[in-house]
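The values are calculated or read from the model by the stated rules, or taken from the named source; none is laboratory data. Model, not experiment: these values are computed from the prediction. Cβ coordinates were reconstructed from backbone atoms using ideal geometry, including for glycine residues, and neighbour counts include every protein chain displayed. Calculation scope for accessible area: heavy atoms of the full protein, side chains included, ligands and nucleic acids excluded. Shrake-Rupley method; radii C 1.70, N 1.55, O 1.52, S 1.80 Å.
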Amino acid sequence: MTTVSARDASRGFSALLDHVEHGEEYTVVRDGKVIARIVPATTHTVAGFLARRAGRPPLDEDFAADAVSAGDLLAVDAGDPWHD
C-alpha cells in the first residue's frame, strides 16, 4: 500500500483513481495521521457468495433458493426513475 499526502492526493486525484482502478491501494495522510484508505471497489454477487460457501456445510434449501432468486431483485434498472 502506497502512502500519499492529502495535498498530493487532491492534486493528482484523477491519476490516483486510475491507479486504484488497476488494483493499487493508497493510504492518505494529513499532518502525519492516516485519514483515509483508497482501495478498489468490490462487487458482491449471489454467485460469488455461493462460491465462497463451497466446501462448507450446506445451506438450508429454502435459503439457497431465496439467495439465487434475490439476484433478480438486485438488477440495476437503467431507466430514469423520474420519467416513468
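Which residues, counting only those in segment 1-20, are assigned to a helix (DSSP H, G or I), of a type in the set (A, V, I, L, M) and under 21 Å from the mean Cα position of the chain (by Cα)?
9, 15, 16, 17, 20
Could you go through segment 41-50 and let me know if any residue there is surrounded by 11 or more Cβ atoms within 10 Å (Cβ to Cβ), in contact (Cβ under 8 Å) with a residue 24 or more places away in the chain and not small (Gly, Ala, Ser).
Taking every residue of segment 41-50 in turn, at least one turns out to be surrounded by 11 or more Cβ atoms within 10 Å (Cβ to Cβ), in contact (Cβ under 8 Å) with a residue 24 or more places away in the chain and not small (Gly, Ala, Ser).
Mind counting the residues in segment 26-40 that are in a loop (DSSP other than H, G, I, E, B) and open to solvent by 80 Å² or more (accessible area, probe 1.4 Å)?
Selection size over segment 26-40: 1.
Within segment 11-25, track down each residue that is open to solvent by 40 Å² or more (accessible area, probe 1.4 Å) and in contact with a strand residue (DSSP E or B) (Cβ under 9 Å, 6 or more places away or on another chain).
Selection gives 17, 19, 24, 25.
Considering only residues of segment 59-84 that are open to solvent by less than 100 Å² (accessible area, probe 1.4 Å) and among the small types (Gly, Ala, Ser), which is modelled with the lowest pLDDT?
Among those residues, the one meeting the criterion is 75.
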